[in-house]
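First comes the structure, then the notes that go with it.
The values are calculated or read from the model by the stated rules, or taken from the named source; none is laboratory data. Here the structure is a predicted model, which is why all the values come from computation and not from measurement. No Cβ is skipped: glycine too gets one built from the backbone with ideal geometry, and neighbour counts run over all protein chains shown. SASA here: full protein model, heavy atoms, side chains in, ligands and nucleic acids out. Shrake-Rupley method; radii C 1.70, N 1.55, O 1.52, S 1.80 Å.
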Amino acid sequence: MRNWNGSRALRAAWLSIFLLLSLVAHAEDGITPKQILIGQTLTLQSGANDYGVAVSEGVSAALEQTNRAGGVLGRQIALTVLDDNNKSELAEANARRLVAQDKVFLLFGPIEGGPSTAVMKVAIEQNVPLFGPMAGSPTLRTPHQPLVFPVRAEHKEEFRALMTQARSLGMQRLAFLRSDSSTGQLHLDNARRIAQSLGMELVADLPFKSDIEAAGIDTLARQLASTRAQMVFNHGGIGVYEKLIRQAQAIGVKARFYGVNSGSTQLASHLGPLGQGMVFAQVLPSPWERKTGITRAYQEAFARYQPGKAFSYGSLEGYLTGRALVEALRRAGPTPTRASFLAGLRNAELDIEGMRISYRDGEHVGMSLVDLSIVTREGKFRH
(Lines give C-alpha, C1' and ligand atoms only; values in the text may rest on other atoms or scores of the structure.)
Protein backbone atom coordinates (compact mmCIF):
# COMPACT_ATOMS: atom_id res chain seq x y z
CA MET A 1 0.00 0.00 0.00
CA ARG A 2 2.84 2.35 0.85
CA ASN A 3 4.48 1.79 -2.55
CA TRP A 4 1.18 2.34 -4.36
CA ASN A 5 0.64 5.64 -2.54
CA GLY A 6 4.18 6.69 -3.33
CA SER A 7 3.69 5.80 -6.99
CA ARG A 8 0.42 7.75 -7.07
CA ALA A 9 2.11 10.77 -5.51
CA LEU A 10 4.92 10.56 -8.04
CA ARG A 11 2.45 10.36 -10.94
CA ALA A 12 0.56 13.35 -9.57
CA ALA A 13 3.78 15.35 -9.31
CA TRP A 14 4.73 14.52 -12.89
CA LEU A 15 1.24 15.41 -14.07
CA SER A 16 1.48 18.80 -12.34
CA ILE A 17 4.83 19.46 -13.98
CA PHE A 18 3.45 18.43 -17.37
CA LEU A 19 0.44 20.72 -17.02
CA LEU A 20 2.64 23.62 -15.93
CA LEU A 21 4.97 23.13 -18.89
CA SER A 22 1.97 22.93 -21.22
CA LEU A 23 0.58 26.19 -19.86
CA VAL A 24 3.97 27.89 -20.25
CA ALA A 25 4.33 26.55 -23.79
CA HIS A 26 0.92 27.89 -24.78
CA ALA A 27 0.98 31.14 -22.78
CA GLU A 28 0.32 34.32 -24.70
CA ASP A 29 3.37 36.46 -25.46
CA GLY A 30 4.03 38.94 -22.67
CA ILE A 31 1.91 37.12 -20.08
CA THR A 32 3.32 35.33 -17.04
CA PRO A 33 1.57 34.44 -13.79
CA LYS A 34 2.86 37.67 -12.24
CA GLN A 35 3.39 40.11 -15.12
CA ILE A 36 1.94 41.67 -18.28
CA LEU A 37 4.62 43.04 -20.61
CA ILE A 38 3.62 46.03 -22.76
CA GLY A 39 5.74 47.53 -25.56
CA GLN A 40 5.97 51.24 -26.32
CA THR A 41 7.95 53.12 -28.95
CA LEU A 42 7.92 56.81 -28.07
CA THR A 43 9.37 60.03 -29.45
CA LEU A 44 11.82 60.97 -26.69
CA GLN A 45 14.76 62.09 -28.84
CA SER A 46 17.16 61.14 -26.04
CA GLY A 47 15.24 63.38 -23.64
CA ALA A 48 15.24 66.43 -25.93
CA ASN A 49 11.56 66.07 -26.83
CA ASP A 50 9.84 67.73 -23.86
CA TYR A 51 6.41 66.53 -24.90
CA GLY A 52 7.48 62.90 -25.22
CA VAL A 53 9.22 63.03 -21.85
CA ALA A 54 6.10 64.51 -20.23
CA VAL A 55 3.89 61.79 -21.76
CA SER A 56 6.29 59.12 -20.48
CA GLU A 57 6.19 60.58 -16.98
CA GLY A 58 2.39 60.56 -16.98
CA VAL A 59 2.23 56.95 -18.16
CA SER A 60 4.76 55.95 -15.50
CA ALA A 61 2.66 57.59 -12.77
CA ALA A 62 -0.46 55.70 -13.89
CA LEU A 63 1.26 52.32 -14.06
CA GLU A 64 3.12 52.73 -10.79
CA GLN A 65 -0.14 53.73 -9.09
CA THR A 66 -1.74 50.55 -10.45
CA ASN A 67 1.17 48.26 -9.61
CA ARG A 68 1.39 49.51 -6.03
CA ALA A 69 -2.31 48.76 -5.64
CA GLY A 70 -1.78 45.14 -6.71
CA GLY A 71 -1.61 45.41 -10.49
CA VAL A 72 -4.22 44.04 -12.87
CA LEU A 73 -5.91 40.97 -11.38
CA GLY A 74 -2.71 40.12 -9.55
CA ARG A 75 -0.28 40.85 -12.39
CA GLN A 76 2.17 43.75 -12.42
CA ILE A 77 2.34 45.82 -15.63
CA ALA A 78 5.85 46.07 -17.06
CA LEU A 79 6.61 48.56 -19.84
CA THR A 80 9.47 48.27 -22.34
CA VAL A 81 10.09 51.69 -23.93
CA LEU A 82 12.14 52.37 -27.07
CA ASP A 83 12.95 55.83 -28.48
CA ASP A 84 11.87 56.32 -32.10
CA ASN A 85 13.48 59.78 -32.39
CA ASN A 86 10.34 61.00 -34.22
CA LYS A 87 11.27 58.89 -37.25
CA SER A 88 8.62 56.64 -38.77
CA GLU A 89 11.10 54.05 -40.03
CA LEU A 90 12.64 53.72 -36.56
CA ALA A 91 9.20 53.50 -34.94
CA GLU A 92 8.36 50.63 -37.31
CA ALA A 93 11.65 48.85 -36.51
CA ASN A 94 11.06 49.35 -32.78
CA ALA A 95 7.56 47.91 -33.03
CA ARG A 96 8.85 44.86 -34.88
CA ARG A 97 11.51 44.31 -32.23
CA LEU A 98 8.99 44.66 -29.41
CA VAL A 99 6.71 42.04 -30.94
CA ALA A 100 9.25 39.55 -32.34
CA GLN A 101 12.15 39.87 -29.90
CA ASP A 102 10.76 41.24 -26.64
CA LYS A 103 7.51 39.25 -27.02
CA VAL A 104 5.23 41.97 -25.66
CA PHE A 105 1.53 41.36 -25.12
CA LEU A 106 0.50 44.43 -27.06
CA LEU A 107 1.80 47.72 -28.46
CA PHE A 108 1.01 50.97 -26.71
CA GLY A 109 1.16 54.74 -26.77
CA PRO A 110 3.29 56.13 -29.61
CA ILE A 111 3.07 59.89 -30.20
CA GLU A 112 3.24 61.93 -33.43
CA GLY A 113 1.31 60.90 -36.54
CA GLY A 114 4.11 59.38 -38.62
CA PRO A 115 5.50 57.07 -35.92
CA SER A 116 1.99 56.11 -34.77
CA THR A 117 1.00 55.14 -38.32
CA ALA A 118 4.20 53.09 -38.65
CA VAL A 119 3.45 51.24 -35.39
CA MET A 120 -0.11 50.62 -36.59
CA LYS A 121 1.30 49.00 -39.75
CA VAL A 122 3.23 46.49 -37.64
CA ALA A 123 0.25 45.88 -35.36
CA ILE A 124 -1.93 44.96 -38.34
CA GLU A 125 0.73 42.76 -39.96
CA GLN A 126 1.46 40.89 -36.73
CA ASN A 127 -2.16 40.81 -35.50
CA VAL A 128 -1.19 42.53 -32.26
CA PRO A 129 -3.45 45.19 -30.65
CA LEU A 130 -2.26 48.80 -30.56
CA PHE A 131 -3.77 50.63 -27.62
CA GLY A 132 -3.69 54.36 -26.94
CA PRO A 133 -1.70 55.95 -29.78
CA MET A 134 -1.37 59.58 -28.57
CA ALA A 135 -1.65 61.19 -31.98
CA GLY A 136 -4.46 62.75 -33.95
CA SER A 137 -3.63 61.17 -37.29
CA PRO A 138 -6.65 60.31 -39.49
CA THR A 139 -4.98 57.00 -40.42
CA LEU A 140 -5.69 55.66 -36.92
CA ARG A 141 -9.47 55.80 -37.52
CA THR A 142 -10.08 55.92 -41.27
CA PRO A 143 -10.49 53.34 -42.64
CA HIS A 144 -11.59 51.57 -39.46
CA GLN A 145 -8.80 49.55 -37.84
CA PRO A 146 -10.20 46.82 -35.53
CA LEU A 147 -6.84 46.38 -33.75
CA VAL A 148 -6.26 50.09 -33.02
CA PHE A 149 -7.78 51.82 -29.99
CA PRO A 150 -7.12 55.59 -29.83
CA VAL A 151 -8.00 57.41 -26.60
CA ARG A 152 -7.69 61.11 -27.45
CA ALA A 153 -9.75 62.95 -30.11
CA GLU A 154 -8.62 63.24 -33.72
CA HIS A 155 -6.71 66.28 -34.99
CA LYS A 156 -9.37 67.19 -37.55
CA GLU A 157 -11.75 68.01 -34.71
CA GLU A 158 -9.09 70.29 -33.26
CA PHE A 159 -8.68 71.97 -36.68
CA ARG A 160 -12.41 72.56 -36.83
CA ALA A 161 -12.47 74.15 -33.36
CA LEU A 162 -9.49 76.40 -34.14
CA MET A 163 -10.84 77.55 -37.51
CA THR A 164 -14.30 78.19 -36.08
CA GLN A 165 -12.78 80.38 -33.37
CA ALA A 166 -10.68 82.29 -35.95
CA ARG A 167 -13.71 82.82 -38.17
CA SER A 168 -15.62 84.27 -35.21
CA LEU A 169 -12.90 86.95 -35.05
CA GLY A 170 -13.31 87.78 -38.74
CA MET A 171 -10.33 85.83 -40.10
CA GLN A 172 -10.67 84.23 -43.53
CA ARG A 173 -7.15 83.47 -44.81
CA LEU A 174 -5.47 80.43 -43.27
CA ALA A 175 -1.99 78.88 -43.31
CA PHE A 176 -1.20 75.31 -42.25
CA LEU A 177 2.16 73.95 -41.04
CA ARG A 178 2.40 70.19 -41.56
CA SER A 179 4.90 67.40 -42.00
CA ASP A 180 5.93 66.66 -45.57
CA SER A 181 4.62 63.09 -45.42
CA SER A 182 1.64 60.99 -46.42
CA THR A 183 0.10 61.61 -42.98
CA GLY A 184 0.70 65.34 -43.37
CA GLN A 185 -1.06 65.23 -46.73
CA LEU A 186 -4.11 63.62 -45.12
CA HIS A 187 -4.14 66.39 -42.52
CA LEU A 188 -3.93 68.96 -45.31
CA ASP A 189 -6.89 67.36 -47.09
CA ASN A 190 -8.94 67.50 -43.88
CA ALA A 191 -7.93 71.11 -43.24
CA ARG A 192 -8.98 72.12 -46.74
CA ARG A 193 -12.36 70.41 -46.44
CA ILE A 194 -13.06 72.04 -43.09
CA ALA A 195 -11.96 75.47 -44.37
CA GLN A 196 -14.29 75.14 -47.35
CA SER A 197 -17.22 74.11 -45.15
CA LEU A 198 -16.62 77.21 -43.00
CA GLY A 199 -16.29 79.56 -45.97
CA MET A 200 -12.58 80.15 -45.31
CA GLU A 201 -9.55 79.88 -47.60
CA LEU A 202 -6.36 77.92 -47.00
CA VAL A 203 -3.86 80.25 -48.70
CA ALA A 204 -0.59 78.67 -47.50
CA ASP A 205 0.47 75.05 -47.30
CA LEU A 206 3.71 74.91 -45.30
CA PRO A 207 5.20 71.38 -45.45
CA PHE A 208 8.46 70.53 -43.67
CA LYS A 209 10.84 67.60 -43.29
CA SER A 210 12.02 66.57 -39.82
CA ASP A 211 15.58 67.61 -40.67
CA ILE A 212 14.66 71.14 -41.82
CA GLU A 213 17.39 73.72 -41.16
CA ALA A 214 17.39 77.48 -40.55
CA ALA A 215 17.31 78.34 -44.27
CA GLY A 216 14.21 76.17 -44.72
CA ILE A 217 12.50 77.84 -41.76
CA ASP A 218 13.23 81.26 -43.27
CA THR A 219 11.75 80.12 -46.60
CA LEU A 220 8.54 79.02 -44.87
CA ALA A 221 8.33 82.31 -42.96
CA ARG A 222 8.70 84.34 -46.15
CA GLN A 223 6.13 82.18 -47.94
CA LEU A 224 3.78 82.84 -45.04
CA ALA A 225 4.41 86.59 -45.31
CA SER A 226 3.71 86.60 -49.06
CA THR A 227 0.28 84.99 -48.68
CA ARG A 228 -1.01 87.55 -46.15
CA ALA A 229 -2.49 84.73 -44.08
CA GLN A 230 -4.37 85.94 -41.01
CA MET A 231 -4.19 82.72 -38.97
CA VAL A 232 -1.61 79.91 -38.84
CA PHE A 233 -2.13 76.49 -37.25
CA ASN A 234 -0.18 73.24 -37.09
CA HIS A 235 -0.64 69.53 -36.53
CA GLY A 236 2.55 68.79 -34.59
CA GLY A 237 6.27 69.35 -34.95
CA ILE A 238 6.46 71.83 -32.08
CA GLY A 239 10.21 72.34 -32.47
CA VAL A 240 9.74 73.43 -36.08
CA TYR A 241 6.66 75.46 -35.20
CA GLU A 242 8.54 77.36 -32.51
CA LYS A 243 11.29 78.26 -34.98
CA LEU A 244 8.74 79.32 -37.60
CA ILE A 245 6.91 81.56 -35.13
CA ARG A 246 10.15 83.22 -34.05
CA GLN A 247 11.34 83.78 -37.62
CA ALA A 248 7.93 84.94 -38.87
CA GLN A 249 7.65 87.51 -36.10
CA ALA A 250 11.23 88.62 -36.70
CA ILE A 251 10.40 89.53 -40.32
CA GLY A 252 7.16 91.25 -39.37
CA VAL A 253 4.48 88.66 -40.15
CA LYS A 254 1.23 89.83 -38.53
CA ALA A 255 -0.69 86.54 -38.63
CA ARG A 256 -2.01 85.04 -35.40
CA PHE A 257 -0.58 81.67 -34.43
CA TYR A 258 -2.83 78.87 -33.21
CA GLY A 259 -1.91 75.30 -32.28
CA VAL A 260 -3.15 71.79 -31.62
CA ASN A 261 -2.75 70.20 -28.22
CA SER A 262 0.39 68.14 -28.86
CA GLY A 263 3.26 69.80 -27.02
CA SER A 264 1.26 72.95 -26.30
CA THR A 265 2.58 73.33 -22.74
CA GLN A 266 6.16 73.01 -23.91
CA LEU A 267 5.70 75.28 -26.94
CA ALA A 268 4.17 78.09 -24.89
CA SER A 269 6.93 77.74 -22.29
CA HIS A 270 9.69 77.92 -24.90
CA LEU A 271 8.14 80.92 -26.66
CA GLY A 272 7.70 82.93 -23.46
CA PRO A 273 6.29 86.40 -24.28
CA LEU A 274 5.98 85.43 -27.97
CA GLY A 275 3.41 82.81 -26.99
CA GLN A 276 1.09 85.20 -25.16
CA GLY A 277 -2.37 85.24 -26.71
CA MET A 278 -1.87 81.99 -28.65
CA VAL A 279 -4.99 79.84 -28.89
CA PHE A 280 -4.61 76.07 -28.57
CA ALA A 281 -7.05 73.24 -29.05
CA GLN A 282 -6.96 70.82 -26.13
CA VAL A 283 -8.21 67.24 -25.96
CA LEU A 284 -8.12 67.19 -22.16
CA PRO A 285 -9.25 69.44 -19.31
CA SER A 286 -6.78 71.86 -17.73
CA PRO A 287 -4.11 69.84 -15.85
CA TRP A 288 -3.68 72.71 -13.35
CA GLU A 289 -7.30 72.95 -12.22
CA ARG A 290 -9.14 70.46 -10.02
CA LYS A 291 -12.56 70.80 -11.64
CA THR A 292 -12.75 67.23 -12.97
CA GLY A 293 -12.23 63.79 -11.51
CA ILE A 294 -9.43 62.96 -13.94
CA THR A 295 -7.38 66.06 -13.09
CA ARG A 296 -7.77 65.48 -9.37
CA ALA A 297 -6.63 61.86 -9.73
CA TYR A 298 -3.78 62.89 -12.04
CA GLN A 299 -2.48 65.63 -9.76
CA GLU A 300 -2.43 63.33 -6.74
CA ALA A 301 -0.72 60.45 -8.56
CA PHE A 302 1.72 62.66 -10.47
CA ALA A 303 2.79 64.56 -7.36
CA ARG A 304 3.36 61.24 -5.56
CA TYR A 305 5.17 59.28 -8.27
CA GLN A 306 6.85 62.13 -10.20
CA PRO A 307 7.67 64.52 -7.34
CA GLY A 308 8.91 67.95 -8.33
CA LYS A 309 7.72 67.61 -11.97
CA ALA A 310 5.42 70.32 -13.34
CA PHE A 311 1.88 69.50 -14.43
CA SER A 312 1.30 69.63 -18.20
CA TYR A 313 -1.13 68.51 -20.88
CA GLY A 314 1.43 65.93 -22.03
CA SER A 315 1.75 64.20 -18.67
CA LEU A 316 -2.03 64.36 -18.14
CA GLU A 317 -2.56 62.68 -21.52
CA GLY A 318 0.02 60.05 -20.61
CA TYR A 319 -1.66 59.46 -17.25
CA LEU A 320 -5.17 59.18 -18.73
CA THR A 321 -3.97 56.86 -21.52
CA GLY A 322 -2.13 54.71 -18.98
CA ARG A 323 -5.26 54.49 -16.82
CA ALA A 324 -7.30 53.54 -19.90
CA LEU A 325 -4.77 50.79 -20.69
CA VAL A 326 -5.18 49.42 -17.16
CA GLU A 327 -8.98 49.29 -17.54
CA ALA A 328 -8.67 47.62 -20.95
CA LEU A 329 -6.34 44.97 -19.48
CA ARG A 330 -8.79 44.29 -16.66
CA ARG A 331 -11.50 43.60 -19.22
CA ALA A 332 -9.26 40.92 -20.79
CA GLY A 333 -10.00 38.75 -17.73
CA PRO A 334 -7.92 36.65 -15.31
CA THR A 335 -6.28 34.66 -18.12
CA PRO A 336 -5.55 37.41 -20.65
CA THR A 337 -5.03 36.66 -24.30
CA ARG A 338 -5.00 39.04 -27.22
CA ALA A 339 -8.35 37.62 -28.25
CA SER A 340 -9.85 38.25 -24.79
CA PHE A 341 -8.36 41.76 -24.81
CA LEU A 342 -10.15 42.53 -28.08
CA ALA A 343 -13.37 40.90 -26.83
CA GLY A 344 -13.26 43.02 -23.67
CA LEU A 345 -13.20 46.20 -25.73
CA ARG A 346 -15.90 45.23 -28.19
CA ASN A 347 -18.73 47.77 -28.03
CA ALA A 348 -17.20 49.09 -24.83
CA GLU A 349 -17.33 52.44 -23.11
CA LEU A 350 -14.56 53.05 -20.62
CA ASP A 351 -15.10 55.57 -17.84
CA ILE A 352 -11.80 56.87 -16.46
CA GLU A 353 -12.60 59.30 -13.65
CA GLY A 354 -15.47 60.75 -15.69
CA MET A 355 -13.71 60.69 -19.08
CA ARG A 356 -15.77 58.57 -21.52
CA ILE A 357 -13.84 56.54 -24.10
CA SER A 358 -15.97 54.80 -26.73
CA TYR A 359 -15.24 51.78 -28.94
CA ARG A 360 -17.98 50.45 -31.21
CA ASP A 361 -17.95 47.86 -33.97
CA GLY A 362 -16.71 49.69 -37.05
CA GLU A 363 -15.80 52.89 -35.16
CA HIS A 364 -13.13 53.31 -32.48
CA VAL A 365 -13.72 56.96 -31.62
CA GLY A 366 -12.01 57.09 -28.23
CA MET A 367 -12.81 60.49 -26.71
CA SER A 368 -14.54 63.33 -28.53
CA LEU A 369 -13.54 66.12 -26.12
CA VAL A 370 -12.04 69.21 -27.79
CA ASP A 371 -11.73 72.46 -25.87
CA LEU A 372 -9.95 75.75 -26.52
CA SER A 373 -7.40 77.49 -24.31
CA ILE A 374 -5.53 80.78 -24.55
CA VAL A 375 -2.09 81.61 -23.17
CA THR A 376 -2.29 84.52 -20.74
CA ARG A 377 0.26 87.27 -20.11
CA GLU A 378 1.49 85.22 -17.18
CA GLY A 379 2.16 82.27 -19.53
CA LYS A 380 -0.73 80.22 -18.13
CA PHE A 381 -3.46 78.41 -20.07
CA ARG A 382 -7.00 79.65 -19.56
CA HIS A 383 -9.83 77.44 -20.89
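Only residues that are open to solvent by 30 Å² or more (accessible area, probe 1.4 Å), within 18 Å of TYR241 (Cα to Cα) and either touching a residue at least 24 places away in the same chain (Cβ under 8 Å) or not aliphatic (A, V, I, L, M) (or both): list them for the range 42-57, please. Result: LEU44, GLN45, ASP50.
In the range 152-168, what residues are farther than 14 Å from GLY113 by Cα and either free of Cβ contacts under 8 Å to residues at least 12 places away in the same chain or open to solvent by less than 10 Å² (accessible area, probe 1.4 Å) (or both)? Across the range 152-168, the qualifying residues are GLU158, PHE159, LEU162, MET163, ALA166, SER168. Within the range 207-221, restricting attention to residues that are assigned to a loop (DSSP other than H, G, I, E, B) and of a type outside the set (Gly, Ala, Ser), the residue that is least open to solvent (accessible area, probe 1.4 Å) is ILE212.
Across the range 262-288, the qualifying residues are those that are touching a helix residue (DSSP H, G or I) at 6+ places or on another chain (Cβ under 6 Å) and part of a loop (DSSP other than H, G, I, E, B), and the one among them that is farthest from ALA204 (Cα to Cα) is PRO287. Kindly evaluate SER226 against the criterion of being farther than 20 Å from GLY314 by Cβ and not hydrophobic (A, V, I, L, M, F, W, C). Yes; evaluated as a whole, the condition is true for this residue.
Considering the range 230-254, the residues that are of a type in the set (A, V, I, L, M) and open to solvent by less than 10 Å² (accessible area, probe 1.4 Å) include one that is farthest from MET171 (Cα to Cα), namely LEU244.
Quickly run through the range 65-86 and pick out the residues that are in contact with a Pro (Cβ under 7 Å, 6 or more places away or on another chain) and either at pLDDT below 95 or within 20 Å of ASN127 (Cα to Cα) (or both).
The first filter runs over the range 65-86 and keeps only residues in contact with a Pro (Cβ under 7 Å, 6 or more places away or on another chain), leaving 73, 84, 86.
Of everything in the range 65-86, just one residue is in contact with a Pro (Cβ under 7 Å, 6 or more places away or on another chain) and either at pLDDT below 95 or within 20 Å of ASN127 (Cα to Cα) (or both), namely ASN86.
Yes/no matrix, rows are residues, columns are (1) open to solvent by less than 50 Å² (accessible area, probe 1.4 Å); (2) assigned to a loop (DSSP other than H, G, I, E, B); (3) within 30 Å of SER269 (Cβ to Cβ):
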site	(1), (2), (3)
SER340	yes, no, no
ARG346	no, yes, no
VAL365	yes, no, no
SER373	yes, no, yes
GLY379	yes, yes, yes
